[in-house]
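Notes follow the structure.
Values quoted throughout were computed directly from the atomic coordinates according to the rules given, and no laboratory measurement underlies them. On a predicted model such as this, the values are computed, not experimentally measured, just so you know. Counting neighbours? That spans all protein chains shown, and the Cβs are built from the backbone with ideal geometry, glycine included.
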Amino acid sequence: MNENKRWTLAVLVDNEAGVLSRVARLFSGKGYNIESLAVGATDDIQVSRITIEVNAYEDQVTLLTNQLRKLICVHSVKILDDSHAIRRELLLMKVLCSTAETRNEIIQIGNIFRASIIDVSKSSITLALIGDERKTEAIQNLLREFGILELVRTGMVALERGQYTIDEQTKEKGEFDYGKNVLREGL
Amino acid sequence: MLMTGAKILLECLMEQKVDTIFGYPGGTILNVYDELSYYEADGRLRHILTAHEQGACHAADGYARATGKVGVCFATSGPGATNLVTGIATAYLDSSPIVAITCNVSRGLIGKDSFQEVDITGVTMPITKCNFLVRSVDELADVVREAFAIARSGRPGPVLIDIPKDVTAQKAEYEKLPRREHSSQGKLGDLMRRASHDFKAPEPDMKDVSRLAQMIRESKKPMMICGGGVVRSRAHEEMAALASRIDAPVAITVMGAGGFSGRSKLTTGMIGMHGSQASNRAVDECDLLIAVGCRFSDRVALKPDSFARNARIVQIDIDRSEINKNVRTDHHIIGDAKHVLSMLLDLIPEQLDHSEFKKYVFSFKTETEYDHVENRLTPSQVLGTVARLCPQDSIISTDVGQHQMWAIQHFHFDYPGQLLTSGGFGTMGFGLGAALGAKAAFPQKCVIHVTGDGGFRMNCNELATEQYYNLKVIHILFNNGTLGMVRQWQNLIYQKRFTETTLDRAPDFVKLADAYGLHGRRVTTQEELETALNEALACDTGYIVDCAIDIDEMVRPMVGGGSHITEFMLN
């Protein structure tokens with residue numbers, strides 16, 4: 001089935017200058033808007049992990065991942081299936097609270113969502129919340145009426161459930177590595 | 001030993017056994033050129049100064065395609081670097097191994113819109129296999145080693161190294177490292193360690209190969225396509241042996257020319273938009289299609305959904321990302337063509353026979369028979385005469401357009417690297433630079449540049465390079481006073497509205513040859529053509545045979561883009 005849906009891609013790359021633009025330009029070059037992107041070093045300082053979310057058709061996402069795997073700076077790529085992956089993002093939100101009453105109300109809503117209050121001023125309150133988009137959207141819907149002054153999210157990060165990891169040596173990965181790196185001597 | 005970045009760069013080229021560099025100097029690359037003089041003086045390196053950086057890049061590409069080795073070109077920052085771009089893209093689309101070395105402004109000036117500054121690694125990101133901005137002289141040697149390894153390994157392709165001017169002046173310790181040790185050192189070592197293969201002896205998957213052997217035995221109507229991968233892997237002997245062993249007809253793509261002999265009894269000729277009747281009908285009829293090093297471009301698989309609709313399609317490719325990209329396949333084998341084909345030969349020791357299918361396939365024409373016209377020259381007459389009078393092993397380079405298709409239809413290519421043509425990117429003006437690169441690599445060989453008046457005009461400034469370095473090329477110029485292929489489309493698809501394609505203008509190409517110190521002759525009859533060709537062969541300089549061709553000549557047959565492969569709009 002070739003349906004247009006949201007895909008979560010995890011990409012292991014060299015932690016070097018220029019790598020992010022190499023990865024990102026593959027999406028823009030094909031006219032895809034990256035819905036969410038999060039990058040950071042892994043336990044190995046030389047390796048970064050990028051989590052990308054994109055809306056695309058299945059054949060297009062296959063094309064994109066295949067071309068990602070071709071890049072020298074890319075170690076491995078995995079499409080994380082919704083049902084087998086844990087996806088989380090951090091949301092910071094500054095909400096207007098002109099009175100003590102509204103402040104209490106906001107704090108109560110925050111508590112229900114297990115958001116933490118990280119800053120309070122006379123007229124504003126800042127909350128931090130970790131969750132997937134259902135949770136972050138729900139809290140936004142509730143707090144919108146108080147007036148959201150500023151909102152920022154880190155972008156989704158994701159890990160597969162169970163013992164599976166991104167850099168498993170599968171046959172397919174071997175096939176991609178083959179064309180990328182075979183050293184032909186004598187030329 | 002402590003030495004400058006410029007010297008380290010040149011020493012690294014020596015490690016790679018580079019003998020020829022095509023390039024053009026400028027402000028930021030001066031340190032390198034200054035150091036180069038010592039290498040030129042004792043003959044360790046030869047530098048060929050072209051008229052334009054694009055010519056240098058095409059020459060490095062032509063050198064690479066003809067020899068199978070990595071071609072090298074130099075350019076300065078800014079416009080020097082951007083002038084390489086078309087050449088790099090040409091090499092990328094045809095998987096040709098080149099290393100382009102540019103210098104940039106000094107690190108302190110980068111990002112300040114300095115004179116002749118451009119972010120060339122940013123510009124070339126989509127058209128290189130990989131590119132590097134060298135940030136410190138300490139990493140220079142490592143980067144150059146990695147660049148060459150990447151350019152020639154796996155699916156070959158262009159790599160660009162950008163070195164800021166101050167890095168070429170700084171000093172660092174350099175130890176000579178033989179090439180066999182490169183893969184255990186530095187970043188290349190890291191790349192090898194994290195990969196899942198032993199890259200010195202990579203094995204295609206035996207199960208996959210056995211399955212194909214089984215499919216071949218089950219097939220009644222097997223067919224093969226020889227693609228550019230066969231040429232790049234120099235797998236022509238294995239390809240010939242396997243085709244003959246399994247008794248399958250072989251269609252040849254533009255990039256595959258030379259990978260399977262055009263003289264073989266098994267070839268059906270070119271396939272695709274201007275493919276032969278035999279190739280296109282065979283691919284429609286076969287029950288097993290084995291595509292070797294072929295990416296099913298839109299000029300081959302014109303309509304992917306109905307391509308080889310009766311066949312199980314098997315793709316043999318070194319690049320996994322080509323599998324199922326354009327055409328859905330039923331099976332694939334990842335590996336170097338030479339390696340996979342020789343494994344198949346071991347698995348199929350017995351001689352197969354498919355005379356019935358061959359009888360069907362070869363009842364169609366494998367070559368286009370163009371009409372002979374009295375009182376004027378036709379393209380097929382010109383190419384027939386060239387093939388008859390010039391040595392059979394001549395290297396042929398082409399530009400892009402009608403003459404390119406005619407040349408590939410008429411010449412019978414026998415070995416990889418015999419045809420130099422821009423198949424993927426379709427770069428007009430590629431031919432002359434490529435011819436010079438091939439001539440620099442093989443001075444004893446006859447190099448023929450088949451071109452048109454449009455493409456030739458684009459980069460004919462390189463005639464100065466041809467003359468100066470005595471890189472003799474015979475130019476067969478199809479002068480029809482138009483952009484022939486575009487006109488052909490206008491003729492067939494745009495109701496003969498010939499907008500901006502007529503080239504009824506200067507120069508006089510014979511006078512142009514003269515101006516560059518070469519020879520030439522305008523020919524309008526068979527007799528004049530033979531005189532000119534004999535003169536050209538005997539001449540000690542390059543020679544332009546300016547052939548008068550009718551403006552409405554067409555490439556036949558033709559299948560329209562997106563049409564089913566046997567729906568010929570022109571027979």
Filter the trypsin sites (Lys or Arg not before Pro) in the range B:227-332 to those in DSSP coil with at most 11 other Cβ atoms within 10 Å of their Cβ, and list the result. B:Arg263, B:Lys265
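I need to check one value: relative contact order of the range B:55-146, counting alpha carbon pairs closer than 8 Å and at least 6 residues apart, in percent.
Details: 109 pairs, mean separation 24.9, N = 92.
Once normalised by length, the contact order is 27 percent.
Give the longest segment of chain A that steers clear of trypsin sites (Lys or Arg not before Pro) in DSSP loops with at most 16 neighbouring Cβ atoms within 10 Å, not counting the sites themselves. Mind showing how you got there, number by number?
Values: sites that count: A:Lys30, A:Arg114, A:Lys122, A:Arg161.
Longest run free of exposed loop sites: A:31-113.
Return the subset of B:Lys17/B:Lys325; A:Lys5/B:Lys303; B:Lys17/B:Lys445; A:Lys5/A:Lys135 for which the Cα-Cα distance in this structure is over 31 Å, preserving the input order. Don't skip to the end; give the middle numbers.
Values: B:Lys17/B:Lys325 36 Å; A:Lys5/B:Lys303 27 Å; B:Lys17/B:Lys445 22 Å; A:Lys5/A:Lys135 20 Å.
Exceeds cut-off: B:Lys17/B:Lys325.
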Alpha-carbon centroid distance for the pair the range B:376-415 / the range B:65-137, whole angstrom: 33 Å
Please order B:Trp489, B:Trp406, A:Trp7 by the number of other Cβ within 10 Å, starting at the fewest. B:Trp489, A:Trp7, B:Trp406
As I understand it, the value is the acute angle between the Cα axis of helix A:133-143 and the longest principal axis of the Cα atoms of chain A; what does it come to in degrees, rounded to 10? 20 degrees
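May I ask what percent, to the nearest 5, of DSSP beta bridges between residues of the range B:366-479 are antiparallel?
Details: 0 of 11 bridges.
Antiparallel bridges make up about 0 percent of those DSSP assigns within the range B:366-479.
Determine the sum of side-chain charges near B:Gly431: Lys and Arg each +1, Asp and Glu each -1, restricted to other residues whose C-beta is under 14 angstrom from that of B:Gly431.
So the surrounding residues net to -3.
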Any idea what the relative contact order of chain B is, in percent, if you count C-alpha pairs under 8 Å spaced at least 6 apart? 14 percent
Residue by residue through the range B:545-555, which ³J(HN,Hα) values in whole Hz follow from phi under the Karplus form 6.51 cos²θ - 1.76 cosθ + 1.60 (θ = phi - 60°), with glycine and proline marked x? 9, 8, 8, 7, 10, 5, 5, 9, 4, 10, 8
For chain B, give me the percentage of DSSP beta bridges that are antiparallel, rounded to the nearest 5 percent. 10 percent
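Nearest-5 percent of antiparallel DSSP beta bridges in the protein assembly as shown? All intermediate terms of the calculation are to be shown ahead of the outcome.
Details: 50 of 114 bridges.
Antiparallel: roughly 45 percent of the beta bridges in the protein assembly as shown.
Using Cβ contacts closer than 10 Å as the measure, can you line up B:Ser114, B:Ser355 from fewest to most?
Numbers: B:Ser114 16, B:Ser355 9.
In increasing order of surrounding Cβ atoms, one gets B:Ser355, B:Ser114.
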Tell me what chain B gives for mean residue ellipticity at 222 nm when only DSSP H runs of n ≥ 4 count, each as -39,500 (n - 2.57), the sum divided by the residue total, rounded to 500 deg cm²/dmol. -10500 deg cm²/dmol
Hey, which lysines would be in cross-link range of B:Lys221, C-alpha to C-alpha under 20 Å, not counting anything within fewer than 8 residues on its own chain? B:Lys265, B:Lys358, B:Lys359, B:Lys365
What is the spread of the Cα atoms of the range A:1-149 along each of their three principal axes, largest first, in whole Å? 57, 39, 28
Report the net charge of residues surrounding A:Asp59, where surrounding means a beta-carbon distance below 15 angstrom and charges are Lys +1, Arg +1, Asp -1, Glu -1. 0
Specify the inter-centroid distance of the range B:428-497 and the range B:508-528, based on alpha-carbon positions, in whole Å. 14 Å
Here the relative contact order (percent) of the range B:379-555, from C-alpha pairs under 8 Å and at least 6 apart, is 23 percent
Under a Cβ-Cβ cut-off of 15 Å, what is the net charge of the residues other than B:Tyr39 that fall near it, where Lys and Arg count +1 and Asp and Glu count -1? -2
